[in-house]
Amino acid sequence: MTQKPFPRAVSAALLGAALSATAFPALADIKDYRFELVQQEAKVGEAVLSVRLLDKRSGKPVPDAVIFAKRIDMAPDSMDEMTSKIEQLPTTEPGVYRFKAKLTMAGGWRLSLGAKVQGETGTVEDKLVFKALK
């Protein structure tokens, strides 16, 4: 009895594709990460701002990211040119990044961040808005 090679080849190809699909985990995209503020308000003066970097797929914090860009300004109150110094502080828990800033007046402030996540190409960029209160 003669067997046709085409159906066997198709079956082998489908089996190979199925096995290789489970061997490699799905790769993340840089859009799968985001920053979020830990607190939505801060006091005018020397303030410590904490943000969490999250993997949106799992909801888990992402430790060991490299924050290379940071800026704070009053853009929410139409004062983009009103900036302040910002300094990164040591982290106290994985996935939470802290910054010290001098908030010179009450109102809306915007914290802009850029970070590299280990193992990913591209940059996570976010702009977070919070209120400074007297």
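The values are calculated or read from the model by the stated rules, or taken from the named source; none is laboratory data. It should be emphasised that the depicted structure is a prediction, and the values quoted were computed from it without experimental measurement. Cβ: placed from backbone, ideal geometry, glycine included. Neighbour counts: every protein chain shown.
General remarks:
- Residue in region 87-94 that is surrounded by 16 or more Cβ atoms within 10 Å (Cβ to Cβ) and within 18 Å of L37 (Cα to Cα) present: no
- Of all residues in region 53-79, those satisfying the criterion of being within 13 Å of K127 (Cα to Cα) and either assigned to a strand (DSSP E or B) or modelled with pLDDT under 95 (or both) are L53, A69, K70, R71, I72, D73, M74.
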